[in-house]
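Structure first, commentary second.
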Amino acid sequence: QRSGEMTEKEKQKFVPWKQIIKLRRLLGREVNLSRLYQRENVTKKDFQKLQRYLVLMLMTELPPVRNEYADVTIMTDKEQKESTGKNVLLTSRGGYKFIWVKYKTAGTYGKIVIFVPKYSKSLQRLLVKHVKYLRKHFPGNKALLLNQNFGPLTRNALTKYLQRLFKT
């Protein structure tokens, strides 16, 4: 039965926190040094690098959520008033907010608002850059995370994306 100890199989798959932070730092340096956000042309490889860095920042800097980031839609204050029932990244001048409406325990806890600058100023700056980049290169798109064909990412695809990110 369960003893609280990891099995050999679990130990092989386990990724230590330090390694995750190290990968995040490495990707951050790569993104900043190669100035990927300033580029005019978008290659799939560059976009995947940007998105990997964003996903790692979201997962490490904010309170944990399941794979809710896959469903996030980018909206302004005006757009958000019209739409309800979606998980939203609200882009407002005072700072961006994640508004969680659809998640596993929503019936118990209701709507949750996470004010990004409260947790991480660096993530706030990255989100501003990333949203500006998405609006410039993918004007018809409202999703925060995109798949390889530049369509909205599903929760299942985000799970697989994270698994590929840490494969050794």
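Out of the stretch 114-151, which residues are under 14 Å from Q51 (Cα atoms), in a helix (DSSP H, G or I) and open to solvent by less than 30 Å² (accessible area, probe 1.4 Å)?
Across the stretch 114-151, the qualifying residues are L123, L126, L127, H130, V131, Y133, L134.
Sort out which residues of the stretch 82-113 are surrounded by 18 or more Cβ atoms within 10 Å (Cβ to Cβ) and part of a loop (DSSP other than H, G, I, E, B), and write them in order of number.
Within the stretch 82-113, N87, Y96 qualify.
Report yes if Q48 is of a type outside the set (A, V, I, L, M, F, W, C), closer than 22 Å to S120 by Cβ and either open to solvent by 10 Å² or more (accessible area, probe 1.4 Å) or in contact (Cβ under 8 Å) with a residue 24 or more places away in the chain (or both), otherwise no. I'd like the intermediate steps shown before the answer.
On the way: of a type outside the set (A, V, I, L, M, F, W, C): yes; closer than 22 Å to S120 by Cβ: no; either open to solvent by 10 Å² or more (accessible area, probe 1.4 Å) or in contact (Cβ under 8 Å) with a residue 24 or more places away in the chain (or both): yes.
Considered against the rule, which asks whether it is of a type outside the set (A, V, I, L, M, F, W, C), closer than 22 Å to S120 by Cβ and either open to solvent by 10 Å² or more (accessible area, probe 1.4 Å) or in contact (Cβ under 8 Å) with a residue 24 or more places away in the chain (or both), Q48 comes out as no.
Does any residue in the stretch 152-168 that is open to solvent by less than 90 Å² (accessible area, probe 1.4 Å) and among the β-branched types (V, I, T) come within less than 8 Å, Cβ to Cβ, of a residue that is at pLDDT 90 or above and part of a helix (DSSP H, G or I) six or more places away or on a different chain, and which pairs are these?
If the second residue must be at pLDDT 90 or above and part of a helix (DSSP H, G or I), the pairs left are T154/A70.
Per-residue answers, yes or no, for (1) outside any loop (DSSP other than H, G, I, E, B); (2) open to solvent by less than 40 Å² (accessible area, probe 1.4 Å):
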site	(1), (2)
V42	no, no
Y53	yes, yes
P64	no, no
Q80	yes, no
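Has the stretch 69-81 got at least one residue that is in contact with an Asp or Glu (Cβ under 7 Å, 6 or more places away or on another chain), in contact (Cβ under 8 Å) with a residue 60 or more places away in the chain and of a type in the set (S, T, Y)?
no
What are the residues in the stretch 126-168 that are under 19 Å from L23 (Cα atoms) and among the charged types (D, E, K, R), if any?
K160, R164, K167
The values are calculated or read from the model by the stated rules, or taken from the named source; none is laboratory data. Small disclaimer: the values here were computed from a predicted structure and weren't measured. Positions of Cβ are generated from backbone atoms using ideal geometry, with glycine treated the same way; all protein chains shown enter the neighbour counts. Surface accessibility is based on the protein's heavy atoms, side chains included, excluding ligands, DNA and RNA. Shrake-Rupley method; radii C 1.70, N 1.55, O 1.52, S 1.80 Å.
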